[in-house]
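The values are calculated or read from the model by the stated rules, or taken from the named source; none is laboratory data. Since this is a predicted model, take the numbers as computed values, not measurements. Cβ sites come from the backbone with ideal geometry, for glycine too, and all protein chains shown count toward neighbours. All accessible areas refer to the heavy atoms of the entire protein, side chains included, with ligands and DNA or RNA removed. Shrake-Rupley method; radii C 1.70, N 1.55, O 1.52, S 1.80 Å.
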Amino acid sequence: MPASALYHSGAMGSMTFRQIRTDDEWAQHSWVSAYSFDGDRGDEARERRTQVYERDWCYGAFDGDSLVAGLAILPFGQYVHGASIPCGGIASVSCLPERRREGYVSGLLRHSLEIMRDAGQPLSALYTPHYSLYRKYGWEIASRIISYSFPPKAAASRLTTPGDGNYRRIAEDEWPRLEAMYSAFHASRNGALARPEKWWRSNVLHTYGKTPHDAVVWSNADGEDRGYAVYKSVHNRPTQDEPWGSMTIRVVDWIALDVDAYAAILAYFLSHDQHARVVMLASQDEPLYDAFDEPYHVEPRAWDGYMLRLVDVQAAIEARPALPQASGKGLTIALTDASAPWNAGTWRIESSEGRMSAERTNTAPELEMDVRALASLYNGFVKPVDAVRVGQLRALSDLALPAATDLFSVAYAPFCPDDF
């Protein structure tokens, strides 16, 4: 059947939400996504899409037999203080433009919450420029990304580059070397994804299964891998000031496990002085800015990171490790959740010996909030006292804010180097 016959306008008939089942439905799902995001709609692009998405991850909103809207739920784990908590990554949310605002996307998002709950994914994350849309359904901004842009010819490091050790560019099949350093760094931190092999190959070492990226590993004098970087070189269009154009290195992912690796990775990019700029991404508390001798060469810029949602409040709380200051603390919250009513009600949250618990209770609440506010408290992106200041929660007890601060304290700001 030609594509033009698959994607037609029409009055809304029977609206259903379900998993993609057939080759024809997969073709429809791929086409609607590519159309919405101005992507390649050809057969080769659809085949390449299988390198990123499994068919079982994809769901559609149907009008009869015709797919009107679609999304994918990517099964990740998200690191929080040493735990990898199951997380559904919402991606490829798309709808035929002539069928928007008919309830297909809203119904599909609500359906995805039920799917993730039943699959044992208590968290969900997504990236979007449409924050108000997803806030309607319980997601909230819960991370920030800092980009550092600098000219390698003018910038200089204040770190001493180690005299021994070596760099080695590696091939895609050597991804386990990167994974070993990645998990060693991020597992004890907050917000990064536990990456499966498929993700390393298609989304870290390639751009969504297409353009390959370069990858370099730095090893110390003992031959131990201590740092890496994955990056790509981008040729910028000519401008009046640069009539031949210029080149920028965009660092997709990087890790430095110690000071020697930090110095070596930074020195590696400073040596690329035929490029006009290097752009590195980092968390809010990454000390990259302090590594430069003259920081005025460096242009930091803040970007919103992922949005987070608690799909199953009880399971999410009980999967989250707590820091030592939380032990012995407790708090009762009244929670509203219009899109996932199984979360609504009054909960008693407590911590003991590094673990947290959540149980329903009939006692009077000390804090009132909706599920969006809880998401940004859960991973430490927003402090309870600041959430009160911007009206995201209401304190009903003088002891509520100190208890919430200890219960949801974090050692690191939430950060995820991946998008999806």
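Does Asp370 satisfy being surrounded by fewer than 22 Cβ atoms within 10 Å (Cβ to Cβ), among the acidic types (Asp, Glu), closer than 16 Å to Leu310 by Cβ and at pLDDT 95 or above? Outline the logic, then answer.
Values: surrounded by fewer than 22 Cβ atoms within 10 Å (Cβ to Cβ): yes; among the acidic types (Asp, Glu): yes; closer than 16 Å to Leu310 by Cβ: yes; at pLDDT 95 or above: yes.
Here the answer is yes, as Asp370 does meet what is asked.
Those residues that are closer than 17 Å to Leu393 by Cα, aliphatic (A, V, I, L, M) and assigned to a loop (DSSP other than H, G, I, E, B), I need them from the range 326-370; list them, please.
Scanning the range 326-370 gives Ala338, Ala344, Ala364.
So the check is Cβ under 8 Å with 6+ separation or different chains; which pairs have a first residue in the range 183-199 that's over 25 Å from Ala322 (Cβ atoms) and modelled with pLDDT of 95 or more and a second one that's among the polar types (S, T, N, Q) and surrounded by 19 or more Cβ atoms within 10 Å (Cβ to Cβ)?
Listed by first residue and then by second, the contacts come to nothing, as the list is empty.
Only one of (1) touching a residue at least 60 places away in the same chain (Cβ under 8 Å); (2) loosely packed, with under 14 Cβ neighbours inside 10 Å; (3) acidic (Asp, Glu) is not met by Glu359, so which one is it?
Just one mismatch for Glu359, condition (1).
I'd like to verify a number: residues in the range 26-82 that are touching a Gly at 6+ places or on another chain (Cβ under 7 Å), closer than 15 Å to Ser202 by Cβ and of a type in the set (Ser, Thr, Tyr), how many?
0
Within the range 383-420, can you find the residues that are assigned to a loop (DSSP other than H, G, I, E, B) and either among the hydroxyl-bearing types (Ser, Thr, Tyr) or without any contact (Cβ under 8 Å) to a residue 12 or more places away in the chain (or both)?
Here is the first cut: in the range 383-420, the residues assigned to a loop (DSSP other than H, G, I, E, B) are 383, 390-392, 396-399, 408-420.
Those that are assigned to a loop (DSSP other than H, G, I, E, B) and either among the hydroxyl-bearing types (Ser, Thr, Tyr) or without any contact (Cβ under 8 Å) to a residue 12 or more places away in the chain (or both): Val390, Gly391, Ser397, Asp398, Ser409, Tyr412.
Looking at Val251, is it closer than 23 Å to Ala282 by Cα and in contact with a Phe, Trp or Tyr (Cβ under 8 Å, 6 or more places away or on another chain)?
Working: closer than 23 Å to Ala282 by Cα: yes; in contact with a Phe, Trp or Tyr (Cβ under 8 Å, 6 or more places away or on another chain): yes.
Answer is yes for this residue.
Among Val52, Val32, which is crowded, with 20+ Cβ neighbours inside 10 Å and assigned to a loop (DSSP other than H, G, I, E, B)? It would help to see each step written out before you state the result.
Numbers: Val32 fails: assigned to a loop (DSSP other than H, G, I, E, B).
Testing whether each residue is crowded, with 20+ Cβ neighbours inside 10 Å and assigned to a loop (DSSP other than H, G, I, E, B) leaves just Val52.
Across the range 155-180, what is the number of residues that are at pLDDT 95 or above, open to solvent by 60 Å² or more (accessible area, probe 1.4 Å) and acidic (Asp, Glu)?
Total satisfying the criteria: 2.
Go through the range 110-224 and tell me which strands (runs of 3 or more DSSP E), entirely inside it, have 1 or more residues that are hydrophobic (A, V, I, L, M, F, W, C) and over 23 Å from Ala319 (Cβ atoms). If you could, list the steps in order and put the result at the bottom.
Working: elements: 123-126, 144-150, 166-169, 190-194, 214-219.
Here the list reads 144-150, 214-219.
Name the pairs whose Cβ atoms lie under 6 Å apart, with the first residue in the range 318-332 and open to solvent by less than 50 Å² (accessible area, probe 1.4 Å) and at pLDDT 95 or above, the second hydrophobic (A, V, I, L, M, F, W, C) and not in a helix (DSSP H, G or I), and 6 or more positions between them or separate chains?
So the pair list comes out as Ala319/Ile85; Arg320/Val80; Arg320/Met356; Pro321/Ala83; Ala322/Met356; Leu331/Ile349.
For the range 129-146, name all the residues that are buried (at least 18 other Cβ atoms within 10 Å of the Cβ) and not small (Gly, Ala, Ser). Full working, then the answer.
Filtering the range 129-146 down to residues buried (at least 18 other Cβ atoms within 10 Å of the Cβ) leaves 134, 137-143, 145-146.
Once the filter is applied, which keeps residues that are buried (at least 18 other Cβ atoms within 10 Å of the Cβ) and not small (Gly, Ala, Ser), the range 129-146 yields Tyr134, Tyr137, Trp139, Glu140, Ile141, Ile145, Ile146.
Just checking, how many residues over the range 209-224 are on the phi > 0 side of the Ramachandran plot and surrounded by 14 or more Cβ atoms within 10 Å (Cβ to Cβ)?
At the first step, the residues of the range 209-224 found to be on the phi > 0 side of the Ramachandran plot are 209, 223.
Now restrict to residues that are surrounded by 14 or more Cβ atoms within 10 Å (Cβ to Cβ): 209.
Looking only at that region, the number is 1.
Is it the case that Ile141 is at pLDDT 95 or above, within 18 Å of the chain's Cα centre (by Cα) and closer than 22 Å to Asp258 by Cα?
Numbers: at pLDDT 95 or above: yes; within 18 Å of the chain's Cα centre (by Cα): yes; closer than 22 Å to Asp258 by Cα: no.
So Ile141 fails the test.
Quick one: would you say Val105 is of a type in the set (Val, Ile, Thr), farther than 29 Å from Glu286 by Cβ and out of contact with any helix residue (DSSP H, G or I) (no Cβ under 7 Å at 6 or more places or on another chain)?
Numbers: of a type in the set (Val, Ile, Thr): yes; farther than 29 Å from Glu286 by Cβ: yes; out of contact with any helix residue (DSSP H, G or I) (no Cβ under 7 Å at 6 or more places or on another chain): yes.
Answer is yes for this residue.
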